[in-house]
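Engineer: After the structure tokens below, expect a handful of questions from me.
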Amino acid sequence: MTELSGGPSLPQRRKLVTEIPGPLSRELMARKQAAVAAGVGTVMPVFAARAGGGVVEDVDGNSLIDFGSGIAVTSVGNSAEAVVRRAGEQLARLTHTCVMVTPYEGYVEVCEELARLTPGDHAKKSILLNSGAEAVENAVKIARYHTKRQAVVVFEHGYHGRTNLTMALTSKSMPYKHGFGPFAPEIYRVPMAYPYRWPTGPEHCADEAAAQVIDQITKQIGASETAAIVVEPVLGEGGFIVPARGFLPRVAAFAKEHGIVLIADEIQSGFCRTGQWFACEDEGIVPDLITTAKGIAGGLPLAAVTGRAEIMDAVHSGGLGGTYGGNPVACAAALGAIETMRELDLAARARHIEEIMKPRLLALAEKHPLIGDVRGRGAMLAVEIVKPGTKDPDPAATAAVAAACHRAGLVVLTTGTYGNVLRFLPPLVIGDDLLREGLDIVAEAVASV
């Protein structure tokens with residue numbers, strides 16, 4: 001099966017013509033090390049030349065199966081036809097004016113689409129920004145302004161960005177926070193309903209975790225002092241944790257009861273990735289504010305905060321914005337990406353990907369005790385790797401599995417608070433044959449470790 005959308009006319013097959021990385025990639029890596037700050041890490045030391053559908057072609061001519069999508073960014077495929085067409089047309093008209101100086105229709109169109117697509121039938125408004133961290137930061141600003149409160153509640157294992165405020169919101173220290181403090185104040189962390197690691201078992205996870213969260217907010221923070229609760233409906237960098245069913249509705253109900261703004265961080269899980277337009281739809285959660293980025297624009301930098309009109313309008317004129325936010329070319333790309341998602345029904349495609357991948361991963365877990373858990377929804381799936389016979393995280397084995405996949409020509413990513421989760425984020429347009437071949441590579445890599 002070939003890719004479902006346009007983009008570079010690349011053969012949809014894995015092909016290795018050199019070792020990984022090849023000589024040209026190694027040469028470019030030497031140049032990178034000489035010119036690029038060392039803090040900018042690299043997961044897989046190959047340099048991309050072209051990409052499309054479910055493959056990435058490197059500078060040495062190797063064609064790699066893509067199970068990463070640039071961290072859930074190219075969900076519609078690299079250089080998808082509608083994205084290229086709309087962005088190219090916009091490039092020829094104008095590249096920038098700054099929406100705060102002379103606005104343009106594309107910004108308004110994207111905000112109109114977000115009002116239609118995001119959960120809830122209430123009146124909504126949006127602001128457009130450049131990155132997920134910027135979206136989360138602005139969502140917190142808006143919530144604080146609207147409520148006239150300061151405290152912000154976040155969750156263990158959560159990830160929300162790399163700015164000073166979003167580092168404070170993020171749970172994991174290394175590599176995101178280590179050495180970068182002091183951090184923004186009035187941030188409070190509460191337990192996440194993590195079924196695999198809940199002390200009394202997954203069957204008690206939702207009720208006990210929700211009770212702990214509500215108790216901590218009530219007693220330690222004060223519900224009347226809390227501006228916002230920020231939560232990922234499916235956690236991303238924390239390890240693709242799917243909160244125990246029933247947990248999020250209880251947290252949402254508590255927030256509504258106490259006038260706390262519920263912010264759903266859908267930066268990694270949004271735009272069809274989990275089999276629905278947004279992951280919070282799975283349990284009928286209607287957030288007050290929702291932050292989006294990554295998959296929104298097919299690879300161009302764009303992010304958004306969308307929410308209840310009365311909350312979004314609380315801030316004074318001039319209080320929100322940024323020079324590049326909602327760049328016209330990125331807006332055009334977003335409209336092309338949304339067009340592609342609709343036309344190809346990529347939410348359904350994500351569910352189909354889960355139907356192919358999850359049974360194979362579960363079978364692999366049955367065979368190999370180093371896989372402690374298989375989880376995720378749609379095309380946002382993961383395996384947690386542990387020391388056999390325990391739940392002790394095994395980041396070394398996880399890195400070894402990932403390295404074996406890389407050598408075989410499969411782009412995979414690791415994640416998790418303990419660095420022991422192998423995550424899978426294939427483009428939603430990937431062909432079934434490539435999916436199955438990629439899973440074969442994963443199985444071989446796990447067996448080798």
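The values are calculated or read from the model by the stated rules, or taken from the named source; none is laboratory data. Everything numeric here is computed off the predicted structure, so don't read it as measured data. Every residue, glycine as well, gets a Cβ built from its backbone with ideal geometry; the counts of neighbours run over all protein chains shown.
Engineer: Would it be correct to say that V421 is within 25 Å of T170 (Cα to Cα), touching an Asp or Glu at 6+ places or on another chain (Cβ under 6 Å), touching a residue at least 24 places away in the same chain (Cβ under 8 Å) and among the hydrophobic types (A, V, I, L, M, F, W, C)?
Structural biologist: yes
Engineer: If I go through region 401-435 residue by residue, how many of them are within 23 Å of the chain's Cα centre (by Cα) and part of a helix (DSSP H, G or I)?
Structural biologist: 8
Engineer: Taking A382, is it outside any helix (DSSP H, G or I), over 25 Å from E57 (Cβ atoms) and at pLDDT 95 or above? Give the derivation first.
Structural biologist: Details: outside any helix (DSSP H, G or I): yes; over 25 Å from E57 (Cβ atoms): yes; at pLDDT 95 or above: yes.
When the stated conditions are applied, A382 passes them.
Engineer: Next question. Go through Y159, Y176 for me and flag whichever is touching a Lys or Arg at 6+ places or on another chain (Cβ under 8 Å), at pLDDT below 95 and either surrounded by 14 or more Cβ atoms within 10 Å (Cβ to Cβ) or assigned to a loop (DSSP other than H, G, I, E, B) (or both).
Structural biologist: Matching residue, one of Y159, Y176: Y176.
Engineer: Let me ask something else. Would it be correct to say that A168 is in contact with a helix residue (DSSP H, G or I) (Cβ under 6 Å, 6 or more places away or on another chain), of a type in the set (A, V, I, L, M) and not assigned by TED's automatic domain parsing to the domain that holds A382? Break it down into steps so the answer makes sense when it comes.
Structural biologist: Details: in contact with a helix residue (DSSP H, G or I) (Cβ under 6 Å, 6 or more places away or on another chain): no; of a type in the set (A, V, I, L, M): yes; not assigned by TED's automatic domain parsing to the domain that holds A382: yes.
Here the answer is no, as A168 does not meet what is asked.
Engineer: Follow-up. In this structure, does T147 turn out to be surrounded by fewer than 24 Cβ atoms within 10 Å (Cβ to Cβ) and touching an Asp or Glu at 6+ places or on another chain (Cβ under 7 Å)?
Structural biologist: Values: surrounded by fewer than 24 Cβ atoms within 10 Å (Cβ to Cβ): yes; touching an Asp or Glu at 6+ places or on another chain (Cβ under 7 Å): no.
Spelling it out, it is not the case that T147 is surrounded by fewer than 24 Cβ atoms within 10 Å (Cβ to Cβ) and touching an Asp or Glu at 6+ places or on another chain (Cβ under 7 Å).
Engineer: If I filter region 327-338 for residues that are at pLDDT 95 or above, more than 15 Å from G295 (Cα to Cα), under 20 Å from the mean Cα position of the chain (by Cα) and buried (at least 18 other Cβ atoms within 10 Å of the Cβ), do I get at least one hit?
Structural biologist: no
Engineer: Let me ask something else about it. Taking the options T414, T390, T398, name whichever one is crowded, with 24+ Cβ neighbours inside 10 Å and at negative phi.
Structural biologist: Checking each option against the conditions leaves just T398.
Engineer: I would also like to ask the following. Could you name every one of the strands (runs of 3 or more DSSP E) located completely within region 180-292 that has at least 2 residues being crowded, with 24+ Cβ neighbours inside 10 Å and out of contact with any Asp or Glu (no Cβ under 8 Å at 6 or more places or on another chain)?
Structural biologist: 226-231
Engineer: Of (1) part of a loop (DSSP other than H, G, I, E, B); (2) closer than 30 Å to L16 by Cα, V84 satisfies all except one. Which?
Structural biologist: All conditions pass for V84, except number (1).
Engineer: I would also like to ask the following. Looking at region 40-58, is at least one residue among the basic types (K, R) and either within 19 Å of L439 (Cβ to Cβ) or surrounded by 21 or more Cβ atoms within 10 Å (Cβ to Cβ) (or both)?
Structural biologist: No, because not a single residue in region 40-58 is among the basic types (K, R) and either within 19 Å of L439 (Cβ to Cβ) or surrounded by 21 or more Cβ atoms within 10 Å (Cβ to Cβ) (or both).
Engineer: Before we move on, is A143 touching a residue at least 60 places away in the same chain (Cβ under 8 Å), under 12 Å from G326 (Cβ atoms) and among the small types (G, A, S)?
Structural biologist: No, not satisfied.
Engineer: Hey, does region 393-400 have a residue that's modelled with pLDDT of 95 or more and assigned to a loop (DSSP other than H, G, I, E, B)?
Structural biologist: Within region 393-400 (the criterion being modelled with pLDDT of 95 or more and assigned to a loop (DSSP other than H, G, I, E, B)), the answer is yes, since at least one residue qualifies.
Engineer: Test T18 against the criterion of being among the polar types (S, T, N, Q) and either surrounded by 19 or more Cβ atoms within 10 Å (Cβ to Cβ) or modelled with pLDDT under 95 (or both), and give yes or no.
Structural biologist: no
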